[in-house]
Amino acid sequence: MAVIGGGAAGLAGALTLARARRSVLVLDSGSPRNAPAAHLHGYLGHDGASPADLLARGRAEVAGYGAEIRSGAAGTAIAADRLPGGGFLVRCADGSAVRAGRLLVATGLVDELPALPGLGARWGRDVLHCPYCHGWEVRDLPLAVLATGPVSVHQAQLWRQWSSQVTLLSHTWRLTDEDRELLAARGVEVVAGEVTGLSVAEDRLTGVTLAGGASVGCRALIVAPRFTARSGVLTSLGLPATDLVRDGHVVGTCVESDPATGATALAGVWAAGNVTAPMEQLAGAAAQGVHAAVAINTDLVAAETRSALEAHRATGPTG
């Protein structure tokens, strides 16, 4: 059994399978989505913990039940119907290969940020997107929302819950009259003009600059990244990523799977976490990994029972 991806979803799935006495190999590329963040929030019992520390503890727990964790990124995979003896062959980026009877793919996604100088360096610090992850830490501070699509208007209304000082920067997005009325009703100021850069003092965001030379003060800048699934392994198996559409606009990609079990359209392959559910937070991604692992173990038990029954019938009655 191979788990591709060593984040919350992959490790939670691996832990469940290892505790079910399955032989488990985790392939971990070592590039978690939340690496830029100093702390994680909203994960019961671990609020405020370091993302790196949480993953280290998770790896230790998984290894404690006999699972193997191997560093390295998976590149492509070959499906059972093309292999003698069935199963899957996963080719890794370093040229090695792994054979497995079942796959749990939890490779996550990449946040593609708007094209604005300096944005990436402050991502996860004071350039943010999720209020449930970071809202408490910037509560009551002046916040600015960079409008790049319809999601930005929703973001401004949402972040208003954490601060009364929210400004929407229209930037490159054309607001409708309805947008403006909704924002005004929530007390969100709208500032016109394209944003050209960030203002930083003593390693803290202090505002943004506009094309005309004006500046707008803020302590955090809210953006809407494009959520791009790390779907290479799944695509190589004939499970391509599809567009994630919100309000008629593409906001990212994901690979479709059953919401309850993580089963994909290809037998023997499950997906969990942000590669299939881009909006899922850490706790939800971990839960998806557990649900997929339970489904995988159930599938294995069913296959083993069928084989045992065939063997039982072949040997005939005993005693």
Condition broken by Ala115, with the remaining ones in (1) open to solvent by less than 40 Å² (accessible area, probe 1.4 Å); (2) closer than 20 Å to Thr253 by Cα; (3) of a type in the set (A, V, I, L, M, F, W, C); (4) in a loop (DSSP other than H, G, I, E, B) satisfied: (1)
Out of the residues in segment 214-249 that are open to solvent by 70 Å² or more (accessible area, probe 1.4 Å) and outside any loop (DSSP other than H, G, I, E, B), state the one that is nearest to Gln157 (Cα to Cα). Arg246
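In segment 45-64, what count of residues is obtained for those that are of a type in the set (Asp, Glu) and outside any loop (DSSP other than H, G, I, E, B)? Spell out the reasoning first.
Within segment 45-64, the subset of a type in the set (Asp, Glu) is 47, 53, 61.
Adding the requirement that they be outside any loop (DSSP other than H, G, I, E, B) leaves 53, 61.
Total satisfying the criteria: 2.
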Within segment 29-59, of all residues that are hydroxyl-bearing (Ser, Thr, Tyr) and farther than 25 Å from Ala97 by Cα, the one most open to solvent (accessible area, probe 1.4 Å) is Tyr43
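Closer than 29 Å to Leu244 by Cα, touching a Leu at 6+ places or on another chain (Cβ under 8 Å), crowded, with 19+ Cβ neighbours inside 10 Å and of a type in the set (Val, Ile, Thr), is that true of Val62? Write out each step before concluding.
Details: closer than 29 Å to Leu244 by Cα: no; touching a Leu at 6+ places or on another chain (Cβ under 8 Å): yes; crowded, with 19+ Cβ neighbours inside 10 Å: yes; of a type in the set (Val, Ile, Thr): yes.
It is false that Val62 is closer than 29 Å to Leu244 by Cα, touching a Leu at 6+ places or on another chain (Cβ under 8 Å), crowded, with 19+ Cβ neighbours inside 10 Å and of a type in the set (Val, Ile, Thr).
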What residue, of Leu15, Leu25, is under 19 Å from Asn274 (Cβ atoms) and not small (Gly, Ala, Ser)? Leu15
Under 9 Å between Cβ atoms, which residue pairs at least 6 apart in sequence (or on different chains) link something in segment 294-319 that is closer than 15 Å to Ala267 by Cα with a partner that is charged (D, E, K, R)? Ala295/Asp258; Ile296/Arg22; Ile296/Arg102; Asn297/Arg22; Asp299/Arg102; Leu300/Arg22; Leu300/Arg102
So the check is Cβ under 9 Å with 6+ separation or different chains; which pairs have a first residue in segment 235-258 that's closer than 28 Å to Asp179 by Cβ and a second one that's in a loop (DSSP other than H, G, I, E, B) and among the β-branched types (Val, Ile, Thr)? Thr242/Val255; Cys254/Thr276
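Which ranges mark the helices (runs of 4 or more DSSP H) fully within segment 123-197 that have 3 or more residues being more than 25 Å from the chain's Cα centre (by Cα) and modelled with pLDDT of 95 or more? If you could, list the steps in order and put the result at the bottom.
Numbers: elements: 131-134, 150-159, 177-185.
Per the criteria, 177-185.
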Against the condition within 12 Å of Gly108 (Cβ to Cβ), surrounded by 11 or more Cβ atoms within 10 Å (Cβ to Cβ), of a type outside the set (S, T, N, Q) and under 29 Å from the mean Cα position of the chain (by Cα), how does Ala283 come out, does it pass? no
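Please determine whether any residue of segment 250-260 is under 24 Å from Val138 (Cα atoms) and crowded, with 16+ Cβ neighbours inside 10 Å.
no
How about segment 267-279: which of its residues are aliphatic (A, V, I, L, M), buried (at least 17 other Cβ atoms within 10 Å of the Cβ) and either over 23 Å from Pro225 (Cα atoms) or at pLDDT below 95 (or both)?
Correct list: Val269 only.
The values are calculated or read from the model by the stated rules, or taken from the named source; none is laboratory data. Everything numeric in this text was worked out from a predicted model, so none of it was measured. Glycine gets a Cβ as well: all are built from the backbone with ideal geometry, and neighbour counts include every protein chain shown. Note: accessible area is taken over every heavy atom of the protein model, side chains too, but ligands, DNA and RNA are not part of it. Shrake-Rupley method; radii C 1.70, N 1.55, O 1.52, S 1.80 Å.
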